[in-house]
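S.K.: Before anything else, here's the structure in question.
The values are calculated or read from the model by the stated rules, or taken from the named source; none is laboratory data. Just so it is clear, the structure is predicted and the values come from calculations on it, not from any experiment. Note: ideal-geometry Cβ built from the backbone for every residue, glycine included; neighbour counts use all protein chains shown. All accessible areas refer to the heavy atoms of the entire protein, side chains included, with ligands and DNA or RNA removed. Shrake-Rupley method; radii C 1.70, N 1.55, O 1.52, S 1.80 Å.
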Amino acid sequence: MQTIETALSPKIKTEPVPYLDLPAQLHGLRPEIDAAIARTLDHCSFCLGPDTARFEKDFAAFIGAEHCIGFNSGTSALHVAMRLLNIGAGDEVITTPFTFIATTWAIAYVGAKPIFVDIDDATFNLAPELIEQAITPRTKAIMPVHLYGHPFDVDPILAICRKHNLPMVEDAAQAHGARYKDRAVGSFGAMSCFSFYPGKNLGACGEGGALVIPKEGAEFDRRARALREHGSSVRYYHDEIGYNYRMEGIQGAVLGVKLKNLQKWTDERRRVAKRYTELLADTPLQLPREAVGAESAWHLYVVRHTRRDELKKYLEVGGIGCALHYPLPLHLQKALAHLGHQAGDFPVAEKAARECLSLPIYPELTEAQIQRVVKVIRAFFAKTR
Ligand SMILES: Cc1ncc(COP(=O)(O)O)c(C=O)c1O
């Protein structure tokens with residue numbers, strides 16, 4: 001077998017494709033973003049302010065929900081979701097072990113226990129058929145994640161929630177613009193949370209997040225606004241222990257500009273995913289596929305292979321950026337060792353963690369760049385057999 005370095009042709013080596021290209025996205029929007037930030041500076045509306053309020057309205061409309069509350073991160077929004085549901089010590093929340101750890105932080109922050117349920121091998125999302133056996137009298141909510149932008153299977157999970165009278169909290173941090181049965185994700189649960197971390201499909205120029213409440217949520221809305229502002233609805237009067245979780249005015253202004261482009265960007269991500277799927281169809285990679293009724297927002301395009309680590313190194317040497325989401329499932333994380341899990345507890349998640357590899361995907365990715373990524377992948381399988 002040739003080494004990875006000698007197997008790469010010099011031509012392939014010369015044309016890098018970054019994993020993420022935020023400058024490409026910002027470039028075209030700079031005049032509008034500069035003007036929005038300048039307006040915030042002129043008004044000194046640094047915390048919340050009119051641009052954040054406008055963005056909240058516009059984002060609620062985009063999702064098809066009644067309420068949106070801006071936060072300083074998706075993690076904060078998830079934390080407040082747990083508080084709104086009065087989840088606390090001794091309670092359990094069912095969730096996935098295969099997600100970014102912030103999903104679980106929210107449960108841990110209120111002193112509750114995350115109860116992991118293994119994932120579906122095809123979609124990487126919580127497996128609905130495994131949920132019911134994890135429900136106990138202490139279960140207070142089910143929190144699935146629309147991982148990589150692909151909707152989880154909403155209907156069967158909602159049916160379980162209704163049967164057991166449990167709220168569903170959607171972690172939609174990666175899924176702005178994804179649809180399930182032609183309805184935007186984030187509009188199904190009792191509430192949903194989004195992240196506007198810069199690399200997300202809708203990213204701020206800094207940190208940001210939102211809590212979305214589909215309907216009949218006036219009381220949740222009122223309390224969430226108070227919780228993000230030190231537990232206070234009337235200045236200097238504090239009704240419960242709260243946080244400083246306000247969205248910055250500048251982020252509200254930037255997100256307002258970017259939101260206008262989100263549908264176009266989602267369409268472009270769908271173009272990239274479609275091309276990868278066409279061009280990689282006859283390779284040994286296991287490719288991501290949309291489930292019936294699901295329209296992914298393609299936050300990530302995650303392929304699978306047993307020789308993932310070798311392929312990753314080969315791509316990197318060939319100038320192709322790639323990443324692992326996620327190399328270690330949550331039940332095996334040191335921070336959650338107190339839960340007492342061990343290897344083998346969630347075998348589907350563990351296998352996914354060993355095999356997954358995220359390829360570059362963003363709206364600005366050109367056909368030539370896609371071809372380059374595919375070429376290096378093909379070279380890997382041709383030359384390192
Ligand atoms: C699935 C998921 N949940 C929650 C979060 C937390 O969002 P934030 O980074 O904005 O706090 C993220 C962000 O990476 C995420 O991917």
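S.K.: Given the condition open to solvent by less than 20 Å² (accessible area, probe 1.4 Å), at pLDDT 95 or above and assigned to a loop (DSSP other than H, G, I, E, B), answer yes or no: does some residue in the stretch 20-33 qualify?
M.R.: Checked the stretch 20-33: no residue is open to solvent by less than 20 Å² (accessible area, probe 1.4 Å), at pLDDT 95 or above and assigned to a loop (DSSP other than H, G, I, E, B).
S.K.: Step by step: first the residues of the stretch 188-205, then only those that are under 26 Å from Gln25 (Cβ atoms) and more than 10 Å from the ligand (Cβ to nearest atom), then the one that is most open to solvent (accessible area, probe 1.4 Å). Which residue is that?
M.R.: Ranking the candidates gives Cys205 first.
S.K.: Let me ask something else. So which helices (runs of 4 or more DSSP H) are wholly in the stretch 186-286 and hold at least 2 residues that are of a type in the set (Lys, Arg)?
M.R.: 218-227, 262-279
S.K.: Condition test on Ala173, is it under 25 Å from Glu216 (Cβ atoms) and free of Cβ contacts under 8 Å to residues at least 60 places away in the same chain?
M.R.: For Ala173, the condition - under 25 Å from Glu216 (Cβ atoms) and free of Cβ contacts under 8 Å to residues at least 60 places away in the same chain - is not met.
S.K.: Could you tell me whether any residue of the stretch 332-350 is closer than 28 Å to Arg270 by Cβ, open to solvent by 60 Å² or more (accessible area, probe 1.4 Å) and not in a loop (DSSP other than H, G, I, E, B)?
M.R.: No, the stretch 332-350 contains no residue that is closer than 28 Å to Arg270 by Cβ, open to solvent by 60 Å² or more (accessible area, probe 1.4 Å) and not in a loop (DSSP other than H, G, I, E, B).
S.K.: Out of the residues in the stretch 207-252 that are farther than 23 Å from Phe196 by Cβ and of a type in the set (S, T, N, Q), which is nearest to the ligand (Cβ to nearest atom)?
M.R.: Among those residues, the one meeting the criterion is Ser232.
S.K.: Being surrounded by fewer than 20 Cβ atoms within 10 Å (Cβ to Cβ) and out of contact with any His (no Cβ under 9 Å at 6 or more places or on another chain) is the filter here; which residues of the stretch 290-314 pass it?
M.R.: Result: Val292, Gly293, Arg304, Thr306, Arg307, Arg308, Asp309, Glu310, Lys312, Lys313.
S.K.: I'm checking my understanding of the structure. Among residues of the stretch 111-156 that are more than 21 Å from the chain's Cα centre (by Cα) and touching a residue at least 40 places away in the same chain (Cβ under 8 Å), which one is surrounded by the fewest Cβ atoms within 10 Å (Cβ to Cβ)?
M.R.: So the residue we want is Thr136.
S.K.: While we're here: List, please: which pairs have Cβ atoms under 9 Å, are six or more places apart or on different chains, and start with a residue in the stretch 216-241 that is under 13 Å from Leu84 (Cβ atoms) and end with one that is polar (S, T, N, Q) and in a loop (DSSP other than H, G, I, E, B)?
M.R.: Arg222/Ser233; Arg223/Ser233; Arg225/Ser233; Ala226/Ser232; Ala226/Ser233; Arg228/Asn72
S.K.: Continuing with this model, one more query. Between residues in the stretch 16-39 that are touching a residue at least 24 places away in the same chain (Cβ under 8 Å) and within 14 Å of Lys260 (Cβ to Cβ) and residues that are open to solvent by 40 Å² or more (accessible area, probe 1.4 Å) and in a loop (DSSP other than H, G, I, E, B), which pairs lie under 7 Å by C-beta distance while being six or more apart or on different chains?
M.R.: Gln25/Glu364
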